[in-house]
Amino acid sequence: MWQAIMKLETFTIKDISRLSVIEPTTVEDYLRGLVNAGYLTVEKERIHPDRNHFRNRYHLIRRALETPRVRKDGSEIMAGRGNEQLWRSMKMLGSFTKHELALAASTDIAPIRLETAKTYIRYLHRAGYLHLTKPSKPRHPAIYTLLKSKITGPRAPKIQKKKQVFDPNLNAVVWPREADHEGR
């Protein structure tokens with residue numbers, strides 16, 4: 001939907017529904033959230049000059065590279081934000097321990113728990129995104145390095161409920177649970 005919005009800039013619910021092949025009710029809910037979040041404005045447009053029939057015409061007023069994730073009331077959806085913060089920090093740090101990564105990825109609004117960093121590292125290591133540079137020893141946590149060849153884009157790889165890693169930049173599952181026996 002966001003790609004269609006960015007392309008058209010001025011549109012109706014029907015326009016976005018048609019372009020994105022998404023139900024009009026779903027489009028309407030998302031557009032309401034974007035209006036409330038300040039990405040769009042909306043005006044009533046008379047459909048028929050002799051009747052009191054109107055439809056909403058939306059105008060894009062604030063662009064964003066990443067698709068805005070908002071609720072109907074305009075508040076931001078925070079789910080998945082931790083992965084984005086961890087991914088961004090991995091790219092900046094290059095090499096890191098789980099402690100360094102959790103600290104670098106944390107913000108006042110969205111702190112990252114050590115366990116979250118540890119889990120994300122474990123799955124990206126299994127998926128071949130991270131190299132174990134130095135194994136852990138007592139009082140010395142393992143050090144991992146993000147492989148430059150695995151920086152597939154700006155969006156963070158996701159750990160899905162099926163315990164697999166999905167890379168949205170590639171639009172592909174890059175590590176299924178069944179591959180665990182490969183010893184990555």
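Results, tabulated for the structure shown:
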read-out: TYR120 assigned to a strand (DSSP E or B) and of a type outside the set (Val, Ile, Thr); value: no
read-out: Those residues of segment 132-147 which are open to solvent by 20 Å² or more (accessible area, probe 1.4 Å), out of contact with any Gly (no Cβ under 8 Å at 6 or more places or on another chain) and of a type in the set (A, V, I, L, M), in sequence order; value: LEU132, ILE143
read-out: Contacts under 9 angstrom Cβ, first residue in segment 144-157 being closer than 9 Å to MET90 by Cβ, partner modelled with pLDDT of 95 or more and polar (S, T, N, Q), 6 or more apart; value: TYR144/SER95; TYR144/THR97; TYR144/THR133; LEU146/SER95
read-out: Candidate set from segment 73-105 (those that are at pLDDT below 95 and among the polar types (S, T, N, Q)); member that is surrounded by the fewest Cβ atoms within 10 Å (Cβ to Cβ); value: SER75
read-out: Subset of segment 165-177 (residues that are more than 14 Å from ASN83 (Cβ to Cβ) and in a loop (DSSP other than H, G, I, E, B)); value: LEU170, ASN171, PRO176
read-out: Single residue of LYS150, LYS162 found to be open to solvent by 100 Å² or more (accessible area, probe 1.4 Å) and within 19 Å of the chain's Cα centre (by Cα); value: LYS162
read-out: Residue list for segment 106-131, filter: hydrophobic (A, V, I, L, M, F, W, C) and either under 19 Å from LYS163 (Cβ atoms) or buried (at least 19 other Cβ atoms within 10 Å of the Cβ) (or both); value: ILE112, ALA117, ILE121, LEU124, ALA127, LEU130
read-out: Answer residue from segment 28-72, given it is part of a helix (DSSP H, G or I) and in contact with a helix residue (DSSP H, G or I) (Cβ under 9 Å, 6 or more places away or on another chain) and is most open to solvent (accessible area, probe 1.4 Å) among those; value: GLU28
read-out: Identity of the residue in segment 1-27, part of a helix (DSSP H, G or I) and loosely packed, with under 15 Cβ neighbours inside 10 Å, that ends up nearest to the chain's Cα centre (by Cα); value: GLN3
read-out: Subset of segment 138-166 [among the charged types (D, E, K, R) and modelled with pLDDT of 95 or more]; value: LYS148, LYS150
read-out: Pair list, Cβ < 7 Å and 6+ apart or interchain, from segment 91-116 residues that are assigned to a loop (DSSP other than H, G, I, E, B) to residues that are open to solvent by 60 Å² or more (accessible area, probe 1.4 Å) and of a type in the set (A, V, I, L, M); value: ALA110/MET78
read-out: Cβ-Cβ under 7 Å pairs, at least 6 apart or on other chains, segment 43-61 side farther than 15 Å from LEU31 by Cβ, far side surrounded by 11 or more Cβ atoms within 10 Å (Cβ to Cβ) and among the aromatic types (Phe, Trp, Tyr); value: ARG46/PHE54; ILE47/PHE54
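The values are calculated or read from the model by the stated rules, or taken from the named source; none is laboratory data. Source: prediction; values computed, not measured. As a convention, Cβ positions derive from the backbone with ideal geometry for all residues, glycine included, and neighbour counts pool all protein chains shown. The protein model used for the area step is the full one, side chains on, heavy atoms only, and it has no ligands, DNA or RNA in it. Shrake-Rupley method; radii C 1.70, N 1.55, O 1.52, S 1.80 Å.
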